[in-house]
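Engineer: Handing you this structure, nothing more for now.
Just so it is clear, none of the values below were taken in a lab; they were calculated from the coordinates. These numbers were taken from a predicted model, which means no experiment stands behind them. Glycine gets a Cβ as well: all are built from the backbone with ideal geometry, and neighbour counts include every protein chain shown.
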Amino acid sequence: MKRTCAMLALTLLVVAALGCNTLGRQPKLQDATIDPATLKPGDSAVITVKVVDKQHIIDRIVGVVLEDTRMKLPVYDNGVAPDAKAGDGIWSLQVDVPPMALAGQFTLELTAFNSKGEAIEVRKSKHETGPLTATCTWVITAPPEEAAPPAEPAPAEAAPAPEAAPSQG
């Protein structure tokens, strides 16, 4: 009993001295990108995010365009293009910019969910927790104005008719 108490006390002392670093063991979303980051209507881009998840609690990742939260974009790690290899921790999705897309800068927030459909909560700092997210931005530029067809050349003015010479008669 004395030995068990001593071991328990020693364990508690070591944990207290070293601290309990849960930040290193929690899942992470890293290196979220959209490539290319500058687009115009009609272009395609690939969204990627690297996932570090030693406990395998991430079931799905969904991106939301913050400027229009109706736009939800699920990314996948299933080996279907553009995802290079299933289960490699790189989640991807190809997206097409709608032809009528407005120009501007946009932010995509990627959120990780567990198998119950709940956003995964992680420690953001020593005193703060929140959903596991990552963000990336991109720009949509206005398409170049269509070149106007060349103007029709103005008809040349007719040269004045020569005056008739008075007749002699």
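Engineer: Whole-Å semi-axes of the stretch 23-140's equivalent ellipsoid, largest first, each the root of 5 times a Cα gyration tensor eigenvalue? Please report the intermediate quantities before stating the final value.
Structural biologist: Working: eigenvalues 131, 56, 27 Å².
Working from the Cα gyration tensor, I get semi-axes of 26, 17, 12 Å.
Engineer: Quick one: of Lys72/Lys124; Lys85/Lys116; Lys50/Lys124, which pairs are farther than 21 Å apart, Cα to Cα?
Structural biologist: Too far apart for the 21 Å limit: Lys72/Lys124; Lys85/Lys116.
Engineer: Counting only residues 5 or more places away or on other chains, whose amide H sits under 5 Å from the amide H of Ile120 once H atoms are built in the peptide plane?
Structural biologist: Here the answer is Ala112, Phe113, Asn114, Leu132, since their amide H atoms fall under 5 Å of that of Ile120.
Engineer: Name the residue from Gly63, Val75, Ser125 whose Cα lies farthest towards the positive end of the charge dipole of the stretch 30-137, charges +1 on Cβ of Lys and Arg and -1 on Cβ of Asp and Glu.
Structural biologist: Ser125
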